[in-house]
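Derivation of every value follows stated rules applied to the coordinates shown; laboratory data play no part. Computed from a predicted structure; not experimentally measured. Here Cβ is always computed from backbone atoms with ideal geometry, including for glycine, and neighbour counts include all displayed protein chains.
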Amino acid sequence: MYERLSDRARDEPHENETYDIYQFFADDPDGRAVEFQTFRHPTDDI
């Protein structure tokens with residue numbers, strides 16, 4: 001997703017060690033922040 005939204009990204013994807021996620025933020029067309037993340041640890045099935 002970062003490659004598709006890099007022109008709207010606020011920062012480059014990075015690891016957030018506090019939450020054990022990989023994330024970046026981008027601006028939507030109205031200027032609101034949208035967070036993209038993936039968990040770097042096992043999660044329960046839904």
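Summary table
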item	result
Simple Cβ-charge dipole of the chain, Lys/Arg +1 and Asp/Glu -1, about Cα centre, in debye nearest 20	120 debye
Residue-span extension gain [His41 to Glu15] - 0.36 nm each, minus C-alpha spacing	8.2 nm
Signed unit charges on C-beta, dipole axis of the chain, positive-most listed residue Phe36, Leu5, Tyr19	Leu5
Span per principal axis, largest first, for the Cα atoms of the chain (Å)	33, 22, 18
